[in-house]
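This report concerns only the one structure given below.
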Amino acid sequence: MCGIVGYIGERQAQPILLTSLGKLEYRGYDSCGIAVAAGNIKVHKDAGRVGELTKVIPQLGGTVGIGHTRWATHGEPSQVNAHPHLDCSGRIAVVHNGIINNFLLLKQQLIAEGHNFVSETDTEIIPHLIEKYYDGDLGKAVETALCDVEGSYAIIVLAAGESKLVVARKDSPLIIGLGDRENFIASDVPAILDYTNRVIYLEDGDVGVITLDSIKIRQEGVEVAREEHKILWSAEEAQKGGYEHFMLKEIHEQPKVIRNTIGEYVSAAEPVADLAIMADTNLEGMLILACGTSYHAALVGKYIVEDLVGILVRAELASEFNYYPQTLAGTGAIVITQSGETADTLKAMKRLKGVGCRVIAITNVVGSSASRIADHTVYTRAGPEISVAATKSFMAQLMALYWLALSYSRIDTRRLDSLTMGLRQLPSKVQQVLDNGDRIKECAKYLSRYENAFFTGRGISFPVALEGALKLKEISYIHAEGYAAGELKHGPFALLDKNTPVIAIVAQDNTYEAMLTNIKEVKARGSPVVALAEEGNETIRELADSVITVPPVDAIFSPVVNTVALQLLAYYTAKQRGCPIDFPRNLAKSVTVE
Ligand code: G6P
């Protein structure tokens with residue numbers, strides 16, 4: 001999950017490459033570099049962020065080049081491990097996103113053939129393989145080299161004396177942005193939005209030869225046509241728009257995201273997905289799979305679908321599902337992925353398809369790999385999410401799940417009408433939580449002094465606790481664990497003391513009384529309690545040390561208001577601790593490796 005970019009045209013490549021790389025830093029940001037061809041190949045790369053490189057890089061000159069921003073897998077972040085990587089002659093440069101599984105074997109063979117390696121990366125074998133097969137036709141050399149390679153890749157190849165770039169993809173995303181006598185290549189859309197909104201999505205197995213005015217794509221040696229798409233996001237949507245961080249902007253965009261996502265479905269002429277799988281009364285169950293924050297949406301989805309549709313749902317981590325002996329063959333599955341590119345999620349989708357499951361993808365990215373594998377895609381309308389910590393995309397995923405479940409619900413008309421109305425009121429409810437930012441800031445100040453915290457909830461609030469803890473740990477570096485409130489006494493109680501606050505999510509549902517009991521148990525062990533509860537709940541004020549209130553909603557929608565409050569809590573805590581909120585250490589937004 002690195003970001004790669006390429007440019008070929010009539011303008012100077014360097015500023016375009018650096019600007020585009022800056023837009024891809026959410027994919028990895030421990031080191032970066034560019035290579036430009038101007039007669040010879042000139043490379044400049046180092047550990048650190050694109051902004052730092054931009055300050056020190058000399059003018060490389062040249063109208064064709066490639067760039068890379070890295071999330072280290074093989075070898076620590078360092079100048080020598082940063083991309084681009086070169087062959088022995090220094091005339092072929094490659095940037096790569098993905099993992100070459102058989103690189104050690106290939107490296108040994110290439111060393112035996114006289115090639116010298118300088119880095120610890122898997123990538124470095126690619127320029128050497130291309131060098132081995134290069135006899136004047138760069139496209140052919142890349143195709144031949146890739147026959148030796150096992151693993152995942154999106155690559156861009158630059159060669160001295162060639163007025164072209166060669167690109168290839170397998171299990172890692174790559175797009176071509178179309179310009180007027182210029183073309184752009186990137187891992188993802190935000191990189192090219194400043195220059196064009198016309199794109200081609202490459203398919204797995206594609207090898208493309210790109211000049212400033214032509215694009216030739218081959219698949220297994222045969223030329224293929226790839227459709228052009230128009231991107232509807234604007235460049236402004238991928239800017240901070242006056243907010244200090246992307247994360248804060250994205251949290252504040254949620255009322256709009258809810259409106260857009262629901263609006264899309266309400267106005268759709270056809271159902272958002274052909275969920276015959278849900279309508280099937282003989283259905284034993286269905287699966288919802290995802291990773292990271294999307295997995296927490298999947299867990300909320302389990303409660304929503306079981307409650308409204310009345311079928312059994314298994315929500316699983318895609319990364320673990322891949323090792324389960326059983327798949328629930330023949331059932332339907334929903335896969336949730338913001339990026340549509342998470343390697344573990346895509347692998348799970350392929351496994352499901354392999355045993356005959358019908359798969360619906362809920363994704364935010366049009367044309368993403370998930371959308372191409374799925375039988376049906378439900379798009380969320382969150383717009384580009386740049387901050388590594390997912391916020392608005394989670395919200396849009398919840399909206400898709402609510403709408404799917406309501407569309408196929410087996411509840412009585414009264415409840416259906418009431419929930420449909422409740423759904424439409426969510427933007428204003430979320431706005432009320434956002435307007436309560438100052439109170440949440442105060443709690444964040446308090447929380448920021450601690451190094452450990454628990455988030456607890458029951459029922460539909462359990463996944464909310466998991467998500468609250470994930471947000472806090474990823475951006476503030478406080479060790480936070482989300483726990484089912486009833487489970488604390490089965491072990492974690494041993495960790496409770498005055499230095500371990502517990503954030504208790506109290507929903508006004510059938511878990512309420514049990515949650516009050518759990519809070520009392522925690523207090524009896526000396527831990528401070530911050531409760532998240534509905535406005536007007538005076539009982540909680542007597543029990544907890546501190547209370548954050550949220551507006552009343554039907555309990556099934558409580559994850560919406562509670563999550564927004566926890567997002568703000570994490571944000572302000574991280575800010576108080578001076579953390580790099582949008583780009584937390586060691587993480588990346590799009591995880592295209594297993
Ligand atoms: C990374 C991101 C998370 C995201 C997870 C799953 O870890 O940092 O924010 O939830 O990947 O990504 P997906 O694109 O599949 O939703």
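Rule-based calculations on the coordinates, nothing more; no lab input. Treat the numbers as computed from the prediction; the structure is a model and nothing was measured. Cβ coordinates were reconstructed from backbone atoms using ideal geometry, including for glycine residues, and neighbour counts include every protein chain displayed.
For the range 370-445, which trypsin sites (Lys or Arg not before Pro) are in a loop by DSSP, counting at most 14 other Cβ atoms within 10 Å? Don't jump to the answer; show the numbers that get you there.
Details: sites: 372, 381, 392, 410, 414, 415, 424, 429, 439, 441, 445; in loops: 381, 410.
Answer in residue order: 410.
The alpha-carbon of residue 353 sits under 23 angstrom from the alpha-carbons of these lysines, leaving out residues fewer than 8 places away in its chain: 170, 302. Grouping the Cα pair distances of the range 3-231 into 5 Å bins from zero gives a pair-distance distribution of 1, 8, 16, 22, 22, 17, 10, 3, 1, 0 percent in increasing distance order.
Take the cross-link list 45/216; 240/347; 42/575; 23/473 and give me the ones stretching past 28 Å between alpha-carbons. Checking Cα-Cα distances, 45/216; 240/347; 42/575 exceed 28 Å.
Starting from the Cα coordinates of the range 436-579, work out the convex hull volume and express it per residue in Å³. Write out the running numbers ahead of the final one.
Numbers: hull volume 12.6 nm³, N = 144.
About 87 Å³ per residue, rounded to a whole number.
The three principal axes of the C-alpha atoms in the range 319-446 carry coordinate ranges of 50, 41, 28 Å, sorted with the longest axis first. Rank 379, 167, 355 by how far each Cα sits towards the positive end of the charge dipole of the chain (+1 on Lys, Arg Cβ; -1 on Asp, Glu Cβ) and give me just the farthest. Highest projection toward the positive end goes to 379. Charge tally for residue 255 (other residues, Cβ to Cβ under 14 Å; Lys, Arg +1; Asp, Glu -1): +4.
Over the range 3-231, what is the mean sequence separation of C-alpha contacts under 8 Å (at least six apart), divided by residue count, expressed as relative contact order in percent?
On the way: 586 pairs, mean separation 46.3, N = 229.
That works out to 20 percent.
The three principal axes of the Cα atoms in the range 94-193 give end-to-end lengths of 45, 27, 23 Å, sorted in falling order.
In straight-distance terms, cross-link reach from residue 520 covers every one of the lysines whose alpha-carbon lies under 22 Å from its own, apart from those fewer than eight places away in the same chain; here that gives 489, 498.
Summed over qualifying helices (DSSP H, 4 residues or more, each -39500 (n - 2.57)) and divided by its residue number, the chain shows a 222 nm mean residue ellipticity of -11000 deg cm²/dmol. When the trypsin sites (Lys or Arg not before Pro) in the range 109-185 are filtered for DSSP coil states and for at most 13 other beta-carbon atoms within 10 Å of their beta-carbon, the remaining sites are 181. In this Cβ point-charge picture (+1 for Lys and Arg, -1 for Asp and Glu), the chain has a dipole of about 900 debye about its Cα centre.
Compute the projected area of the convex hull of the Cα atoms of the range 236-425, averaged over all viewing directions, and report it in nm² to one decimal place.
On the way: hull surface 42.4 nm².
Spelled out: convex hull of the Cα atoms, projected over all directions, averaged, 10.6 nm².
One way to sum up the overall shape of the range 25-132 is the equivalent ellipsoid from its Cα gyration tensor, whose semi-axes run 23, 17, 10 Å, largest first. The packing ranking of peptides 494-502, 343-351, highest mean first, is 343-351, 494-502, where packing means the average number of other beta carbon atoms within 10 angstrom of each residue.
Please tell me the relative contact order of the range 236-425 in percent, rounded to the nearest whole number, where contacts are Cα pairs under 8 Å and at least six residues apart. Mind showing how you got there, number by number?
Numbers: 330 pairs, mean separation 50.8, N = 190.
Relative contact order of the range 236-425: 27 percent.
For the chain, the relative contact order comes to 12 percent (Cα pairs under 8 Å, sequence separation of at least 6).
For the chain, a Kirkwood hydrodynamic radius built from all Cα pairs, placed in the Stokes-Einstein relation at 10 °C and 1.306 mPa s, yields a translational diffusion coefficient of 63 µm²/s.
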